[in-house]
Amino acid sequence: MKRSEADIEASSAPLIEHLIELRRRLIWAIAGFFGMFLICFFFAKQIFNVLVVPYQIATSWAGLDPAAVELIYTAPQEYFFTQVKVAAFGGFFLAFPVIAIQIYKFVAPGLYRDERSAFVPFLVATPLLFLLGALLVYFFFTPMVMWFFLSMQQTGGGGDAAILLLPRVSEYLSLIMTLIVAFGLVFQLPVIASLLVRAGIIGSQSLKDKRKYAIVIAFIAAAILTPPDPLSQIGLAIPTIILYEISIITARLIEKKRAERLAEAEASAE
């Protein structure tokens, strides 16, 4: 049966409205990111100095003078593009609440009221868990990794050449950004697992049965996402395994609440 022109126009109208709404949300998200990018670029040197603090902590652990920390750049444009990367990284981090709100406003009209109430906690938990992972990197794992690299230095004397660590600004930024992103994503594991359990895709028993595979995958992911030293790899793998266990507990709580709601609904139906 052929569709009439009126039916085609009626079905295309909602699509156009959705596209207009999507464009509006994208404009707000991009504007939020661009605004935060400009602010971060203006303070890029100060932000980079803050990111150097874990390196200074590592030097104190190694028994060196934190004030003597030096970073270099070997190309004229390297430090400028490093500041651009700092601004982009900081801009996205600061603009994430705006971006998340725009995503929620675009998705919310298509959700039921109970679905909206279930979606909001995940919207709040995502940046908080990412921030928790970033703080763990900043105050512990980056200093630990840099201390490991500093311990390889050779001060010289006695006929030996001096071999000193002088990291480039771009390489140090790449290292700390990689660690922050890796830990931030790993700390989303309870959120992702909870969403999958709510959607009925996986269950707590399935997560429990696949624990041994998850442990192997955790170490493989740590080997890929972190620098090639055992401290940082173990440092990422262990929190991943702990978060996986937390995900199992969270899945059990969700299933328990779901069973209680079903029991209440059956009791009220009778």
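Side notes on the structure shown:
- Residue count for the range 27-74, restricted to those that are free of Cβ contacts under 8 Å to residues at least 40 places away in the same chain, touching a helix residue (DSSP H, G or I) at 6+ places or on another chain (Cβ under 9 Å) and outside any helix (DSSP H, G or I): 3
- Residue count for the range 155-173, restricted to those that are free of Cβ contacts under 8 Å to residues at least 12 places away in the same chain and either surrounded by 10 or more Cβ atoms within 10 Å (Cβ to Cβ) or in a loop (DSSP other than H, G, I, E, B) (or both): 9
- Residue that is modelled with pLDDT of 90 or more and of a type in the set (A, V, I, L, M), where the choices are ALA118, ALA125, ALA134: ALA134
- Condition met for GLY90 (closer than 22 Å to SER170 by Cβ, modelled with pLDDT of 90 or more and within 29 Å of the chain's Cα centre (by Cα)): yes
- Selection count, the range 185-222, where residues are of a type in the set (D, E, K, R) and not in a helix (DSSP H, G or I): 1
- Per this entry, PHE141 is not counted among residues that are over 27 Å from GLY63 (Cβ atoms) and part of a helix (DSSP H, G or I).
- Filtered residues of the range 174-195 (kept if of a type outside the set (S, T, N, Q) and surrounded by fewer than 17 Cβ atoms within 10 Å (Cβ to Cβ)): MET177, VAL181, LEU185, ILE192, LEU195
- Considered as a group, the residues in the range 234-270 that are assigned to a helix (DSSP H, G or I), farther than 30 Å from LEU136 by Cβ and of a type in the set (D, E, K, R) include one that is nearest to the chain's Cα centre (by Cα), and that residue is ARG258.
The values are calculated or read from the model by the stated rules, or taken from the named source; none is laboratory data. Note that the structure is a prediction, hence the values are computed from the model and not measured. Neighbour counts are summed over all protein chains in view; Cβ atoms, including those assigned to glycine, are modelled from backbone coordinates with ideal geometry.
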